[in-house]
Amino acid sequence: MKATIREVADKAGVSVATVSRVFNNSPKVVDETRKRIMLVADELRYSPNHAARSLSTQRTESIGMLLPDLHGEFFSEVIRGVDEVVQDRKHHLVVSSSHNKRSEIEAALQTMRGRVDGLIVMSPDVDVKTLKENLPSKLPVVLLNCFVDDNAFDSINVDNFGGAYRIVLHLLEHKHTRIAMIKGTERNHDATLRFQGYSKALGENNIAGEEELLLAGDFTDSAGYDATKKILSLKNRPTAIFASNDAMAIGALIALRELNVDVPEDMAVVGFDDIPMARIVRPKLTTVHVAISELGKMASETLFAAIRDKEEHVRHHRLIPTDISVRESCGMH
């Protein structure tokens, strides 16, 4: 039978309230008493009832995170950054995936109600109406790479436009004038901004965009692979490929290798995100660098600040700058 808090208190010679303070990390208990209680709790194999504890403290000591997908290095790196801060604050991380469907987003948000102290949302299809209708009004929320035109939530976004613009300029500066782009998922805000950055860089250099050089993609390696096969079937091939993320760029490298197209001699390839695999794949991938795990840490720290400050919290909207990691795949390493 599970030991009770009363049994721990009796054996440690303290009140139930003192045991409760220890497990709620109260500074009001002296170290000697705290150690004695923890030894007794360990001996009796006592663990606090977190459900009852959350009712009394109005805290769950859990942080929620809603992602569009759980597949891929980008998301795993974001989770790693979030979890590092969450663990440091002695909380637990609850992760859910919405797969970009409105009904699944709503179901995931409703599942988080009452179970988390705050929520990080990273879903391209989320909107203010959905958030406000499915979450408690006072629940702290941080939007990560979401475009929501409202001041109701903290937000952190990567400079997608600037990153794409700079990496295409990088290719143009090295005499590439026919640059294909493997675009991201249709109606995805990040994908749209990356396409706009690509288009601006070409336009400023008096290069007209060509429809045949724009390939559909969905941020997966298979999409990059398939798009590259189509690129190589063109009569007038481009000399460079800009993939909207690294997964598609790696898919492109695989297709090029299979068809014996030398990278970077015959085709330069660049990506976006700088996932860990970009440093390992051969040739090493030139890409727009995003500090991915730091992005997760920043989201967590912002959320904990909102939880701490409550009504006094001042919401922030941050645009995170990017730079270029120049490696072997573009020929300018």
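All of the numbers you see were taken from the coordinates with simple rules; none came from a lab. All figures in this text were calculated on a predicted structure; none of them were measured in a lab. Backbone-built Cβ (ideal geometry, glycine too); neighbour counts: all protein chains shown.
Helical content alone sets the calculated 222 nm signal of the chain at -13500 deg cm²/dmol, taking -39,500 (n - 2.57) per DSSP H segment of four or more residues and averaging over every residue.
Distances between placed amide hydrogens fall under 5 Å for A268 paired with A240, I241, all partners being 5 or more residues away or on another chain.
Spin-label model, S137/L234: points 7 Å from Cα along the beta carbon direction are separated by 5.4 nm.
Pairs K28/K297; K101/K297; K200/K230; K11/K310; K90/K284: which exceed 28 Å Cα-Cα? Going by Cα-Cα distance, K28/K297; K11/K310; K90/K284 fall outside the 28 Å limit.
Close amide H partners of E61, meaning residues 5 or more places away or on another chain with modelled amide H under 5 Å apart, are D117.
The magnitude of the dipole of the chain, with charges of +1 and -1 set on the Cβ of Lys/Arg and Asp/Glu and taken from the Cα centre, is near 1040 debye. Taking the convex hull of the alpha carbon positions in segment 5-48 and averaging its projected area over all directions gives 2.5 nm². Amide H contacts under 5 Å for L143: V121, D154, S155, I156, restricted to partners 5 or more places along the chain or on a different chain, H placed in the peptide plane at 1.01 Å from N. Each residue of segment 234-242 is assigned a 3J(HN,Hα), and the resulting list reads 5, 5, 10, 5, x, 9, 8, 10, 9 Hz, derived from the Karplus form 6.51 cos²θ - 1.76 cosθ + 1.60 (θ = phi - 60°), x at Gly and Pro. What separates the Cα centres of segment 173-207 and segment 5-19 is a distance of 66 Å. Modelled spin-label separation between E7 and D149, with each label point placed 7 Å from Cα along the Cα-to-Cβ direction: 6.1 nm.
With the alpha-carbon atoms of the chain aligned to their principal axes, the span from lowest to highest coordinate is 84, 39, 30 Å, starting with the largest. Take the Cα of T111, step 7 Å toward its Cβ, do the same at L70, and the gap between the two points is 0.8 nm.
For the listed peptides 210-221, 160-171, a ranking on the average number of other beta carbons within 10 Å per residue, highest first, reads 160-171, 210-221.
A simple rule links phi to the HN-Hα coupling: the Karplus curve 6.51 cos²θ - 1.76 cosθ + 1.60 with θ = phi - 60°, which for segment 185-195 gives 4, 4, 6, 7, 4, 4, 4, 4, 5, 5, 5 Hz, with x for Gly and Pro.
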